[in-house]
Amino acid sequence: MSALALGEFHPFRSAGRDFLYLVPSAAVFELDEAASAIVDRLRESSTGTGELVAELSARFPAAELQETVGELLRVRAISVEGVPDEPPPRQMPPENFPLTTMVLNVTNQCNLSCTYCYEYGEDKIVDTENGRKPKFMSEQTARESVDFMLRESGENRMAHLTFFGGETLLNLPVLRFAIAYARERAAAMGKEVDFSLTTNGTLLRPEVIDFLTENRVGVTISIDGPKEMQDQFRVFHNGTGSYDVIAPKIRELLRRHQTRPIGARVTLTSHTLDVRKIFQHLTEEIGFWEVGFAPVTTSPNRKYAIAEEGFDDMLEQFRSLADEFLEFAVENRHHGFSNVKDTLEEIHKGVSKAYPCGAGLGLMGVSTDGDVALCHRFAGSDAHKLGTVRSGIDRLVQIGYLEKHHIADKTDCSQCWARPLCSGGCYHEAYTRYGETAHPNLHYCEWIRGWTDTCLRIYGELAVRNPRYLEQFEEKVAYEASQVN
Amino acid sequence: MKHLKSINRKAARIDRQADVVALQQGPPQQAPAPHFPLGCTLIFSPGWEADRNGGTAGLCTPVERDLFDCHAGCFWPAQVPDQLNHAPDWTAKCASAQKDWRKIDLVFP
């Protein structure tokens, strides 16, 4: 009889129980004692079923062990040694994949000069100042973009339109126009459009806030934390910090805009790496509903780049905030650390990604002149162009791009247990670091594995201590399914 | 299942479908016949001049195809490292020959 060996998985322990995160299926199973004992034994060395049962028969009945081996084999947690697993098929997404989100760069101009900005800073890919792209999107291009979005949304009933910049609110007239036009066109087609935008908060006048509230526009504010952190990098052209200008405006926004929860989006740098303090300031002192963190995208030699030790430090802080999240979730209370919640949702669905994100597939970015790119971060870059809103998507370019970026071709990722969720990471980050969008983001592998492990543990804890909390993701799945005709 | 409890949606699907492999693979497909001439010194083989169907397109090109023909089809110690004993990791960085062949390095005994 052939020996049994371990399959590919990441084991974790939560609430005193053993779980397996299986790779690449992304299934999460809880093990009973017999199953745990078998996995533990096989971790020492491969062995035949007969020997395994004999060794463990003092603790469990033989029939039960046999049965457990069968179950573990069935889910591929263990395998028969010498019989290689067939590699998962290199499945390409279906053709004419519907567009769910269009990010419209209504301007590439900004009234701030954040030092680390990927659009204006040292690592920019498009010449936003002297390039040939118009600085502001015209009404005509916005109209064509909306038509493009609705056309490409296929069978979906709901389309998401996100406004982006530069500073989005610098082009308020086109924003207003696009919302009205999208409403009208969607209604005529029996569809709906969900609107959102990202802004630095400097231009949130009362009448702008009222407009956003009336139109149920979701708002995300880019902000880095309390004054001393915000003013390090998020500065005006003359170098003065922006905190004192935006803080009262954001408070006003949070007071008036009650139709959608409002989130903060924080860029972490080596100089502003105090996650707990930032979170506490933005939720308790300012009043944001949720806060999402992301490390700055930069080439490694910049002084604000987060170095390896920085990632360790960041992981520690994320963990402690995640523990707090868990205690809130156990009591069904809201906690605004959105990084955890997003990952928990993906774990619950069991996503196993061929691509790190929807860029170039369900999400595309549109530049001020109507060029369609992978995502908003590449908008305006000719090298990452997929078509135009007028001529549509060049399907050959899109397929070529999808072929090139598939996880099956990322050799470095092929042995990593976190690949179902990470899939190599952000294309723009990779482009900035390595000059190549298809390159896996090897500089943060340890961080991704550490963070995924943390989220798995929290998921396991919730599955044991408050499974009802996870039901919200079921409702979301059902809702999303209902949005496709 | 009795000893494994499905926790997330994917686990529940696997539990229901009773067959993970089917879930992953889709409808069964016939494995393609090997393109390289198996055991070229043992049997008569058209070798590198024609493929198994008598075709000539794509033979020995690109160069990495040739390398793996020698390596996988008929072990040829003069040209490729002994991957069983001395250089087990020789192709570790090469999951896809067409893309990663540059990562295959020389081996010095």
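Quick note: the coordinates plus some simple rules give every number you see, no bench work behind them. Fair warning: this is a prediction, and the values are worked out from it, not measured in the lab. Heads up, the Cβs are rebuilt from the backbone with ideal geometry, glycines too, and the neighbour counts pull from every protein chain shown.
At a glance:
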| quantity | calculated |
| --- | --- |
| Förster radius 25 Å - calculated FRET efficiency between A:ALA3 and A:ASP412 (Cβ-Cβ, nearest 0.05) | 0.25 |
| Cα-centre dipole for the protein assembly as shown with unit charges at Cβ (Lys and Arg positive, Asp and Glu negative), debye to 20 | 1380 |
| Using a Förster distance of 30 Å, the FRET efficiency for A:ARG390-A:GLU436 (Cβ separation, nearest 0.05) | 0.55 |
| Cα extents of the stretch A:110-209 along the three principal axes, largest first (Å) | 44, 33, 21 |
| Charge context of A:PHE60, other residues only, Cβ under 14 angstrom, K/R +1, D/E -1 | -4 |
| Kirkwood Rh, angstrom, the protein assembly as shown [1 / mean 1/r, Cα pairs] | 26.9 |
| Farthest positive-ward along the protein assembly as shown dipole, Cα basis, beta-carbon charges - from A:LEU212, A:HIS160, A:LEU72 | A:LEU212 |
| Cα extents of the stretch A:1-158 along the three principal axes, largest first (Å) | 76, 40, 32 |
| Contour excess over end-to-end distance, with Cα ends at A:GLN140 and A:PHE211 and 0.36 nm allotted per residue | 23.4 nm |
| Cα coordinate range in the stretch A:3-80, projected on the principal axes (Å, largest first) | 31, 27, 21 |
| Inter-label distance, nm, simple model (7 Å from Cα along the C-beta direction), A:SER113/B:GLN83 | 5.7 |
| 0 to 90° range, to nearest 10: angle between helix A:467-482 axis and chain A longest Cα axis | 60 |
| Projected area averaged over orientations for the stretch A:217-371, convex hull of C-alpha atoms, nm² | 12.2 |
| Lysines whose Cα lies under 25 Å from that of A:LYS353, excluding same-chain neighbours fewer than 8 positions away | A:LYS341, A:LYS385, A:LYS404, A:LYS410, A:LYS476, B:LYS5, B:LYS10, B:LYS93, B:LYS99 |
| Cα→Cβ-extended label distance, 7 Å offset, between A:PHE236 and B:SER96, nm | 5.0 |
| Potential extension, A:VAL477-A:GLU308 segment - 0.36 nm per residue separation minus Cα distance | 57.2 nm |
| Dipole-positive endmost among A:VAL103, A:VAL275, A:MET229 within chain A (Cβ charges, Cα centre) | A:VAL103 |
| In degrees, nearest ten, helix A:33-44 long axis to first principal axis of chain A (Cα) | 90 |
| In degrees, nearest ten, helix A:445-465 long axis to first principal axis of chain A (Cα) | 70 |
| Rounded Å value of the spacing that divides the Cα centres of the stretch A:395-455 and the stretch A:247-275 | 29 |
| Stretchable slack from A:ALA187 to A:HIS334, in nm (0.36 nm times residue separation minus alpha-carbon distance) | 49.5 nm |
| Cα gyration tensor of the stretch A:49-119 - equivalent ellipsoid semi-axes, whole Å, descending | 56, 20, 12 |
